[in-house]
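The values are calculated or read from the model by the stated rules, or taken from the named source; none is laboratory data. Everything numeric in this text was worked out from a predicted model, so none of it was measured. When we count neighbours, we look across all protein chains shown, and the Cβ atoms used for this are built from the backbone with ideal geometry, even at glycine.
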Amino acid sequence: MVIVMLGPPGAGKGTHCKRIVEKYQLVHLSSGDILRNERAGGTELGKKARQYMDSGKLVPDQIIIEMMVGAIAAAGGNCVSDGFPRTVVQAAELDKELAKEGKKIDAVVNLVVSDDVAERRITGRRSCPVCGAVYHIDTMKPKIEGYCDKCKDQKLVQRPDDRPDVVKIRLKTYYEQTAAVVGYYTNSGQEVLDINADKTVDDVIGLIFKKIDSLVTGK
Ligand code: AP5
C-alpha cells in the first residue's frame with residue numbers, strides 16, 4: 001500500500017504517520033527526516049539541502065525525486081510518504097515511477113489546518129536529536145521539561161527551521177508551491193481524503209483511520 005500524506009508545515013504529518021505505519025504495517029518515509037539524516041551525516045546531499053531547508057525554501061525537485069523514488073522502491077512500495085510530493089513535478093514523477101512497477105497511490109491524506117494553529121505547533125515543537133521523538137511545549141509535554149522520555153538525560157532541541165521568521169517563509173512556500181499538489185491529484189481522478197487537523201491528535205488519527213479503512217474495504 002502507498003499512502004501519501006499532504007499538509008502544510010505543522011499540520012501533524014509526522015505525528016500521524018507514526019500511528020499509520022503501526023496500524024497498516026508500512027514503512028515511514030519522511031523526506032524531511034531523510035534530508036536531516038543526510039545533513040547529520042555530512043553527505044554531499046545533506047550539504048546541498050542545508051541552505052534551502054534553513055531558509056524555508058524547497059530543495060530542488062531533481063534532488064528530492066531521486067532520493068524519494070529510491071527510498072519508496074527500497075520499501076517495496078509499502079510505505080507512507082510524508083512530505084513528498086511537494087510540487088506538481090514531484091507528484092507527476094511519483095505517479096510515473098509507481099506505474100513502472102504496476103503500482104499506484106492507494107490513499108492521499110490531506111491534513112487541513114489553519115495558519116495560526118500550524119505556527120503555534122511548529123514554534124512549540126521540540127525533538128530528541130538521538131531517537132527523533134517529537135514533543136510540544138504545551139500539547140505533548142515530556143515527563144521532565146526539556147528532556148526526552150525515552151533517552152532520559154538527552155536534552156530536547158528546536159529545529160533550526162522552526163524559528164518564527166523561517167516558519168512564515170515555509171508556510172508561504174507551501175501555498176505557492178505545494179497546495180497545488182492537492183489539485184493535481186483531484187484533476188487526475190485520485191480521491192483526496194481531506195481531514196480537519198485542527199482537532200486533537202486522537203481525534204485526527206481517528207478520522208484518518210476511518211477514511212483509510214473505508215477506502216481499503218470499500219465500505
Ligand atoms: P519537513 O520536515 O517535511 O517539514 P514540514 O513539512 O514543514 O513539516 P513539519 O515536520 O514541520 O510538520 P508536520 O506536519 O510533520 O508536523 P508534526 O507532526 O511534527 O521538511 C523540512 C524541509 O525539508 C522543507 O522546508 C524543505 O526545505 C525540505 N523538504 C522536505 N521535503 C521536501 C520535498 N518533497 N521537496 C522539496 N524540499 C523538501 O507536528 C508539529 C508539532 O505539533 C509537534 O510538536 C506535535 O507534537 C504537534 N501536534 C501535531 N498534531 C497535533 C494536534 N492534532 N494537536 C496538538 N498538537 C499537535
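Structure values in brief
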| item | result |
| --- | --- |
| Any hit, segment 165-180, residues being surrounded by 17 or more Cβ atoms within 10 Å (Cβ to Cβ), more than 10 Å from the ligand (Cβ to nearest atom) and modelled with pLDDT of 95 or more | no |
| Candidate set from segment 202-214 (those that are more than 13 Å from residue 15 (Cα to Cα) and crowded, with 17+ Cβ neighbours inside 10 Å); member that is farthest from the ligand (Cβ to nearest atom) | 212 |
| Enumeration of residues in segment 47-92 that are among the basic types (Lys, Arg) and farther than 22 Å from residue 182 by Cβ | 47, 48, 50 |
| Matching option when the condition is hydroxyl-bearing (Ser, Thr, Tyr), near the ligand (Cβ under 9 Å from one of its atoms) and surrounded by fewer than 21 Cβ atoms within 10 Å (Cβ to Cβ), among 87, 43 | 87 |
| Check on residue 37, in contact with a strand residue (DSSP E or B) (Cβ under 8 Å, 6 or more places away or on another chain), at negative phi and surrounded by fewer than 17 Cβ atoms within 10 Å (Cβ to Cβ) | no |
| Residue list for segment 130-140, filter: surrounded by 14 or more Cβ atoms within 10 Å (Cβ to Cβ), over 16 Å from the mean Cα position of the chain (by Cα) and more than 7 Å from the ligand (Cβ to nearest atom) | 137 |
| The one condition in (1) more than 26 Å from residue 76 (Cβ to Cβ); (2) within 13 Å of the chain's Cα centre (by Cα); (3) charged (D, E, K, R) that residue 33 fails to fulfil | (1) |
| Residue match in segment 191-201 (condition: surrounded by 15 or more Cβ atoms within 10 Å (Cβ to Cβ), touching a helix residue (DSSP H, G or I) at 6+ places or on another chain (Cβ under 6 Å) and more than 22 Å from residue 21 (Cβ to Cβ)) | yes |
| Any helices (runs of 4 or more DSSP H) falling wholly within segment 138-219 and containing at least 3 residues that are of a type outside the set (Asp, Glu) and farther than 16 Å from residue 122 by Cβ | 180-187, 201-217 |
